[in-house]
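Participant: Before anything else, here's the structure in question.
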Amino acid sequence: FGLVTGIQLFGTIVKDVFGIVKDFDRQLIAVGKTTNITGEDLKQFGREVVELGNKVDGITVDGLIQSAEVAGQLGVTGTANILKFSEAIEKLKLTSNIISDEQVGQFAKFIEVSSDSFENADKLASVITQLGNSFATTEAEVLANATEIQKGIAVYKTSAQGVLALGSATSTLGS
């Protein structure tokens with residue numbers, strides 16, 4: 001490596017770093033637009049996303065910020081709920097076959113119509129994964145069946161976990 005090659009390499013690295021920061025800022029602005037988070041709250045949210053992305057193995061900052069934008073589009077409110085929902089979604093993408101935007105929307109809709117809340121998104125995601133691993137079904141099938149079941153029995157205030165179990169049972173039976 002010569003001096004010129006070293007300078008070119010350094011320039012490329014600096015350019016890449018600024019590109020990453022610029023992309024993150026662009027995505028954070030999009031999150032702000034969909035969630036109505038502004039100013040210092042948005043900056044703090046950005047710091048929390050970076051911290052979580054660096055702390056949890058397999059989850060990227062980019063994935064979290066994209067999921068946060070989707071959370072805002074789906075009506076999730078409050079920075080803590082958005083962060084928890086985003087983390088739950090990214091973990092589901094790692095551990096299950098729930099990966100499409102449509103399935104993410106279905107998960108949000110299930111939480112909305114169930115008796116649970118977005119602050120428990122991580123627990124519900126764990127239940128879905130556990131049911132998918134324990135029975136002859138997939139996580140996406142559990143979620144799809146549970147969402148349909150929840151629509152029919154919402155008036156009875158059944159627990160979200162109970163509805164997920166019913167979704168797993170009906171999926172295992174072939175419904």
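The values are calculated or read from the model by the stated rules, or taken from the named source; none is laboratory data. No experiment lies behind these values; they were computed from the predicted model shown. Positions of Cβ are generated from backbone atoms using ideal geometry, with glycine treated the same way; all protein chains shown enter the neighbour counts. What goes into the accessible areas is simple: the full protein's heavy atoms, side chains included, and nothing from ligands, DNA or RNA. Shrake-Rupley method; radii C 1.70, N 1.55, O 1.52, S 1.80 Å.
Participant: Once you place label points 7 Å from the Cα toward the Cβ at K55 and T158, how far apart are they in nm?
Facilitator: 3.5
Participant: On a full-extension model of 0.36 nm per residue, what is the gain between D101 and L173, subtracting their alpha-carbon distance, rounded to one decimal in nm?
Facilitator: This chain segment gains 23.3 nm when fully extended.
Participant: Could you tell me whether the stretch 27-103 comes out rounded, prolate or oblate from its Cα gyration tensor? Rule is a ≥ b ≥ c as square roots of the eigenvalues, rounded for a/c under 1.5, then prolate if a/b exceeds b/c, otherwise oblate.
Facilitator: It comes out oblate by the Cα gyration axes.
Participant: Further question on the same structure: Based on the mean of other Cβ atoms within 10 Å per residue, sort peptides 99-110, 52-63, 75-86, 30-41 so the most packed one is first.
Facilitator: Highest mean packing first, the order is 75-86, 99-110, 30-41, 52-63.
Participant: Could you look at the chain and say what percent of its accessible area is carbon and sulfur, using a 1.4 Å probe and all protein chains?
Facilitator: In the chain, the share of accessible area belonging to carbon and sulfur is 57 percent.
Participant: Rolling a 1.4 angstrom probe over the protein heavy atoms, how many square angstrom per residue are accessible across the chain?
Facilitator: Per residue, the chain has 56 Å² of solvent-accessible surface.
Participant: With just the Cα atoms of the chain, tell me how far they stretch along each of the three principal axes, in Å, largest first.
Facilitator: 70, 37, 23
Participant: Let me make sure I get this right: for the stretch 116-175, a, b and c are the square roots of the gyration tensor eigenvalues over alpha carbons, sorted descending. Under 1.5 in a/c it's rounded, otherwise prolate if a/b > b/c, else oblate. Which is it?
Facilitator: Verdict is oblate for the stretch 116-175.
Participant: On a C-alpha basis, how far is the centre of the stretch 32-50 from the centre of the stretch 106-175 in Å? Whole number, if you could?
Facilitator: Cα centroid of the stretch 32-50 versus Cα centroid of the stretch 106-175: 30 Å apart.
Participant: Another question, then. Identify all lysines with a Cα-Cα distance to K109 below 19 Å; exclude those on the same chain that are fewer than 8 residues away in sequence.
Facilitator: Leaving aside lysines fewer than 8 places away in the same chain, those within reach of K109 are K84, K91, K93, K123, K151, K157.
Participant: Helix 79-95: angle to the longest alpha-carbon principal axis of the chain, degrees 0 to 90, nearest 10?
Facilitator: 80
Participant: Taking 0.36 nm per intervening residue step and subtracting the Cα-Cα distance, what contour gain separates Q130 from L94 on full extension?
Facilitator: Going from the current span to full extension adds 11.6 nm.
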